[in-house]
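One structure below.
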Amino acid sequence: DKGGYKHFMAKEIAEQPSVLKNTLSHYQNADASEVELPDHNIDLAHIDRLTMVACGTAFYAALTAKYWFEKIARVPVDVDVASEFRYREPPVSPGTCALFVSQSGETADTLAALRYMASQNATILSVVNVPESSIARESDLVLPLHAGVEIGVASTKAFTAQLAVLALLAIKIAYARGAIDAAQYRTHIAELNRLPGLISQALGIDGAVQDIAKKLATAQDIIFLGRGALYPLAMEGALKLKEISYIHAEGYPSGELKHGPIALIDKSVPVVVMAPMDPLFDKSVSNMQEVMARSGQVLLISCKQGLKTAAEGTWAQITMPTTPDLLAPIIYAIPAQLLAYHTALAKGTDADQPRNLAKSVTVE
Ligand code: F6R
């Protein structure tokens, strides 16, 4: 049942405020003073290194979480795509924790990577949407998304729920390790509880995105740029667009632009810049100006204040709510999803049934 929407994808994008509310409610105590995980016997205070493995959108969720685990919890993190990880058979030091992210819990490469890490005596954690899946069954600790069934082939609500669960885990581990104090821990929990409201507010961009999508739909190539935790979001925005609109798109770290991809820029290439007002904002803006100096058509996605400071000379703008730094990559998933969806609509492709793709990739 599409609940009145044209596609499951649109329904699943729209239901994210209630999905996230539900996800968050499963991971905290009544007065929102503690992050609570399902029962386990893992010593969180002594997680000294984390290896994260996933595919596709789940891989981008893991890459985003690397920024949180390293910055907030001070735990070094390796992230890899499962199809590479499994055949590289990396050496595993004693006490390694491996975390697998998978909506379906059945992705063949991710499951094989999990089995390899289990054979090396790593502790296995997983973030899955399907609690009875193979990946969940073979984990020492399963963190379910509680996102409900995801039907659209392009992952949307599972992605933001993965990010929410990974953020909760990062602050839980940060506090257990003494990397943040009780006040910072509570502040982060309170920030996470603002997610449903901020996501609802972000969904208000739908009309603006429809107009922008009409122009994006005529492009051959689109570049997405972001810095810090917004870099994986740039790749996620590009992946969503490729999947359902069939337009070639690439996500790059803004600072990497001048090392090659800037050669692609001319007036026919739209460049989507994801730049919340965080400590890296000025750097993103100067990269954006380099694009505009080469006639690139910039779509700037930022908050009101960010747009006021930097929108001059851009082709289009999307106004996002002001967000705490922790939440920015989760909130900026909304424009990534809506740009892909409305561009697909404008091109007349079927967002729910993209060509050549299956919802669950159970063969390698
Ligand atoms: C993209 C998408 C895929 C999946 C990937 C992993 O929109 O849906 O890239 O994210 O196939 O699937 P799971 O999360 O089920 O392991």
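The values are calculated or read from the model by the stated rules, or taken from the named source; none is laboratory data. Given the structure is predicted, the values throughout are model-derived calculations rather than measurements. Methodologically, a virtual Cβ is constructed for each residue, glycine included, from the backbone with ideal geometry; neighbour enumeration extends over all protein chains shown. Just the protein is used for accessible areas: all its heavy atoms, side chains included, with ligands, DNA and RNA removed. Shrake-Rupley method; radii C 1.70, N 1.55, O 1.52, S 1.80 Å.
General observations
- The value obtained for region 134-222, namely the Cα convex hull volume divided by the number of residues, is 175 Å³ per residue.
- What region 67-157 shows is 40 Å² of accessible area per residue, with the surface traced by a 1.4 Å probe over protein heavy atoms.
- Gain on full stretching of the segment that runs from residue 315 to residue 187 - 0.36 nm per residue minus C-alpha separation: 42.4 nm
- Of every Cα-Cα pair in the chain, the percent that sits beyond 33 Å: 26
- Region 220-274 - percent of accessible surface contributed by carbon and sulfur, probe 1.4 Å: 52
- Paramagnetic reach from residue 121 (point 7 Å along Cα→Cβ, amide N under 11 Å) across region 86-100: 93-96
- Contact order normalised by residue count of region 207-364, Cα under 8 Å, 6+ apart, percent: 28
- For the chain, size of Cβ-based charge dipole, Lys and Arg +1, Asp and Glu -1, in debye: 820
- Using a cutoff of 8 angstrom between alpha carbon atoms and counting only pairs six or more residues apart, the relative contact order for region 49-103 works out to 56 percent.
- Averaging Cα coordinates gives a centre for region 283-342 and one for region 18-53; these two points are 31 Å apart.
- Spacing of the two label points (7 Å from each Cα toward its C-beta) at residue 362 and residue 49, in nm: 3.5
- Each of 217, 203, 229 was scored by the projection of its Cα onto the charge dipole of region 192-248, and the greatest displacement toward the positive side belongs to 229; charges sit on the C-beta of Lys, Arg, Asp and Glu.
- Chain lengthening between residue 29 and residue 290 when straightened (0.36 nm per residue, less Cα-Cα): 89.2 nm
- Theoretical FRET efficiency, 1/(1+(r/R0)^6), r = Cβ-Cβ of residue 177 and residue 132, R0 51 Å, to 0.05: 0.95
- Note on residue 267 and residue 308: the model spin-label points, each 7 Å out from Cα along the C-beta direction, lie 3.2 nm apart.
- If R0 equals 45 Å, the separation of the Cβ atoms of residue 218 and residue 322 corresponds to a calculated FRET efficiency of about 0.90.
- Rounded accessible area per residue of region 228-364, 1.4 Å, Å²: 41
- Full extension of the chain segment joining residue 1 with residue 84 gains 26.2 nm, where the gain is 0.36 nm per residue of separation less the Cα-Cα distance.
- Region 110-179: C-alpha gyration tensor shape, a/c 1.5 cut-off, then a/b vs b/c: oblate
- For region 1-155, carbon and sulfur atoms together expose 49% of the accessible surface, with a 1.4 angstrom probe and every protein chain in place.
- Cα shape, region 245-359, gyration tensor, a/c 1.5 rule: oblate
- Across 6/240; 242/347; 157/215; 71/240, pairs whose alpha-carbon gap is larger than 22 Å: 157/215; 71/240
- Centre-to-centre separation between the Cα atoms of region 143-209 and those of region 216-248: 22 Å.
- When restricted to Cα atoms, region 1-120 yields an Rg and a Dmax of 17.0, 52 Å, respectively.
- Heavy atoms of the protein chains alone define the surface here; on that basis region 1-49 has 56 Å² accessible area per residue at 1.4 Å probe size.
- When you count the other C-beta atoms within 10 angstrom of each residue and take the mean per peptide, 226-237, 26-37 line up highest first as 226-237, 26-37.
- Relative contact order, percent, region 278-364 [alpha-carbon distance under 8 Å, six or more residues apart]: 17
- Accessible area of residue 25 (1.4 Å probe, protein heavy atoms only, ligands and nucleic acids ignored): about 70 Å².
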